[in-house]
Amino acid sequence: DAKTTQPPSMDCAEGRAANLPCNHSTISGNEYVYWYRQIHSQGPQYIIHGLKNNETNEMASLIITEDRKSSTLILPHATLRDTAVYYCIVRPMNTGFQKLVFGTGTRLLVSP
Amino acid sequence: SAVISQKPSRDICQRGTSLTIQCQVDSQVTMMFWYRQQPGQSLTLIATANQGSEATYESGFVIDKFPISRPNLTFSTLTVSNMSPEDSSIYLCSVAPSGGLYEQYFGPGTRLTVT
């Protein structure tokens, strides 16, 4: 079962920052937070992941609270092409593969 | 990174028949996975297919219904057997180039409709 809780949908105006929350209150010390997104009619796309420090890449920023029980994915300047379902996933970073378990995600709609 | 292609991109099949979906990766990867996404739903892992070993199926999925082949490090097939309308879904191939430690890459999916 998915170990994260996300709002089912969010709206954002084009050019504004999109802040997508995720609750993972039962996260373990060896589990990372991953974010993927799925644009309509495409396969999921990796965005970013982190353990406890904030992370930033060319796509987004990931802010993880100090207690690690929640996180926020930030798209700093949302565009229409960012309209997608965003999945927050927790997964152990152990040796050997740990499967990705997708929850229901947040459907982000970016409007002009 | 890894670029994944799938064939066919979509198909409409009659119940009782079988369809084989192909997945081709542009680089050698050990770990390959098959997911199902039912209409309006999230993704569910069907099985893990590592080259040189039998596929490992998740709870609720069996080899007789979803046989998988993994003949080499760049290719895999998933067969959906004896199809029923409930098998209408998008089937996605995925790979983990770094042994699953970092990101996974997904193919574009195969949209299957069973009538």
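Summing Lys, Arg as +1 and Asp, Glu as -1, what charge do residues with Cβ under 12 Å from the Cβ of B:Ala47 carry, B:Ala47 excluded?
Numbers: positive: A:Lys99, B:Arg36, B:Lys65, B:Arg70; negative: B:Glu54, B:Glu58.
Net of charged neighbours comes to +2.
Tell me, what is the percent relative contact order of the range A:48-112, built from C-alpha pairs under 8 Å that lie six or more residues apart? Kindly include the intermediate steps, with their values, before the conclusion.
On the way: 88 pairs, mean separation 15.4, N = 65.
Reported as a whole number, the value is 24 percent.
Roll a 1.4 Å probe over the protein heavy atoms and report the accessible area of A:Asp67 in Å², nearest 10.
The accessible area comes out at roughly 100 Å².
Compare A:Ser71, A:Ser28, A:Ser61 in a GNM of chain A, Cα atoms joined below 10 Å, and give the one with the largest fluctuation.
Judging by the Gaussian network model, the answer is A:Ser28.
Summing Lys, Arg as +1 and Asp, Glu as -1, what charge do residues with Cβ under 13 Å from the Cβ of B:Asn82 carry, B:Asn82 excluded?
Numbers: positive: B:Arg15, B:Lys65; negative: B:Asp64, B:Glu86, B:Asp87.
Cβ neighbours under 13 Å give a net charge of -1.
First select every other residue whose beta carbon is under 13 angstrom from the beta carbon of B:Val29; then total the charges, Lys and Arg +1, Asp and Glu -1.
Values: positive: B:Arg70; negative: B:Asp26, B:Glu103.
Net charge in that neighbourhood comes out at -1.
In whole Hz, with x marking every Gly and Pro, tabulate ³J(HN,Hα) for the range A:48-58 from phi via Karplus 6.51 cos²θ - 1.76 cosθ + 1.60, θ = phi - 60°.
Rounded to whole hertz, the list is 6, 8, x, 9, 9, 8, 5, 10, 9, 9, 5.
Taking the range A:25-86, which GluC sites (Glu not before Pro) meet the DSSP loop condition and have no more than 11 other C-beta atoms within 10 Å?
Sites meeting the loop and neighbour criteria: A:Glu58, A:Glu66.
Between B:Asp64 and B:Thr115, what is the label-to-label distance in nm when each label sits 7 Å out along the Cα-to-Cβ direction?
2.9
Relative contact order for chain A: what percent, with Cα pairs under 8 Å and sequence separation of 6 or more? Intermediate values should be presented prior to the final figure.
Values: 273 pairs, mean separation 42.3, N = 112.
So the answer I get is 38 percent.
For chain B, which whole percent of the accessible surface, found with a 1.4 angstrom probe, sits on carbon and sulfur atoms?
Numbers: 2560 of 5410 Å².
Carbon and sulfur together cover 47 percent of it.
With θ set to phi - 60° and the Karplus curve 6.51 cos²θ - 1.76 cosθ + 1.60, what are the ³J(HN,Hα) couplings of the range A:11-24 in order, to the nearest whole Hz, using x for Gly and Pro?
These are the phi-based 3J(HN,Hα) values: 10, 8, 7, 4, x, 8, 7, 9, 10, 9, x, 8, 9, 9 Hz.
So how do A:His77, A:His24 rank on accessible area, 1.4 Å probe, biggest first, that is with the largest at the start?
Values: A:His77 135, A:His24 0 Å².
If we order A:His77, A:His24 from most to least accessible, we get A:His77, A:His24.
Measuring from centroid to centroid over Cα atoms, what is the spacing of the range A:2-41 and the range A:55-89 in Å?
Cα centroid of the range A:2-41 versus Cα centroid of the range A:55-89: 7 Å apart.
Calculate the radius of gyration of the Cα atoms of the protein assembly as shown to one decimal place, then report Dmax, the largest Cα-Cα distance, as a whole number, both in Å.
Final numbers for Rg and Dmax: 17.8, 54 Å.
Could you state the number of Å between the C-alpha centres of the range B:4-31 and the range B:64-115?
6
For the range B:23-114, what relative contact order do you get, as a whole percent, if you take Cα pairs closer than 8 Å and at least 6 residues apart?
Details: 187 pairs, mean separation 28.5, N = 92.
About 31 percent, as a whole number.
Would you mind computing, in nm to one decimal, how far apart the modelled labels at A:Lys52 and A:His40 are, each placed 7 Å from Cα along Cα→Cβ?
4.2
The values are calculated or read from the model by the stated rules, or taken from the named source; none is laboratory data. Nothing here was measured: the structure is a model prediction, and the numbers come from that model. FYI the Cβ positions are ideal-geometry reconstructions off the backbone, even for glycines, and counts take in every protein chain you see. Each accessible area value is taken on the protein alone, full model and side chains, heavy atoms only, with ligands, DNA and RNA left out. Shrake-Rupley method; radii C 1.70, N 1.55, O 1.52, S 1.80 Å.
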